[in-house]
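Only one structure is covered here, and it is reproduced in the block below.
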């Protein structure tokens, strides 16, 4: 895996950044499916065969702004066993000529700990990107600062990491409910289910579209098989509906779909399948 992959939509650049990668089994990503169904589709030998998983986010440039979409593991990446390139997302930005002070917008697709880490520096209280407005769905903020989060064990375990990060950037938060157009090229799309306020980001310029799918798709096959859900999903029925929406949008716009957990480089297009449904096609890295 390489640490950065950049794709263009017109004059806008979207770079997939790694904050660490590992290889491991991901049986929990296919809840509701018998291994006999998903194992051959994913292309592994058995449900416990390791496959590569990236952690990180994206940076969008070329529309007059520097926009991060998710902020990786952050300084806690070094606590994750086997994570190669742990906590190097800031180095990836530097390699693109971007300093933390240059980032003026951050879109958090959701607040799971592996997506919001670099909101703060190593002290866990000082914002890493001092000039950035942080865009967060109001339902996501309410969930992680309220009592309902206690009902899902995995989310409850993240609270000690997530809440200080939210408090550190609270003065820079911009919350919203519906679709938000950040610029002519960048639009936030509410896609709840994985968490209450999960969002995706659409980048559209020069007749080309890139969809940043957040955790709607941990693996490209999730864009085909919408009912194969991560065990951690907050509202499974909403997740399925959000996946269907993004798959339909991707097919209609002939978009390239990227997601933070896809190994770098992985670019996916979604086609309408014969007889209904969708078919996800993993593109060659040279495709754009």
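Rule-based calculations on the coordinates, nothing more; no lab input. It should be emphasised that the depicted structure is a prediction, and the values quoted were computed from it without experimental measurement. For neighbour counting, all protein chains shown are included, and Cβ atoms are generated from backbone atoms with ideal geometry for every residue, glycine included.
Observations
- Structural descriptor for the stretch 4-283: relative contact order 18 percent, calculated from alpha carbon pairs under 8 angstrom and at least 6 residues apart.
- Averaged over residues, the count of other Cβ atoms within 10 Å places the peptides 119-132, 208-221 in the sequence 208-221, 119-132, highest first.
- For the chain, built as a Gaussian network whose Cα springs stay under 10 Å, the top-fluctuating residue of 275, 146, 32: 275
- Ranked by the mean number of other Cβ atoms within 10 Å of their residues, highest first, the peptides 166-172, 69-75, 137-143, 258-264 come out as 69-75, 258-264, 137-143, 166-172.
- Each of (1) 14.0; (2) 15.3; (3) 23.8 is a candidate for mean projected area of the Cα convex hull in nm²; the one calculated from this structure is (1).
- Per-residue ellipticity at 222 nm computed for the chain from its helices equals -6000 deg cm²/dmol, with DSSP H segments shorter than 4 residues left out and the rest contributing -39,500 (n - 2.57).
- Inter-label distance, nm, simple model (7 Å from Cα along the C-beta direction), residue 152/residue 44: 2.0 nm
- Label-zone membership for the stretch 194-232, site residue 184, 7 angstrom Cα→C-beta point, backbone N under 13 Å: 204-207
- Residues considered: 59, 134, 149. Largest GNM mean-square fluctuation over the chain, using C-alpha springs under 10 Å, is found at 149.
- Theoretical FRET efficiency, 1/(1+(r/R0)^6), r = Cβ-Cβ of residue 231 and residue 176, R0 25 Å, to 0.05: 0.30
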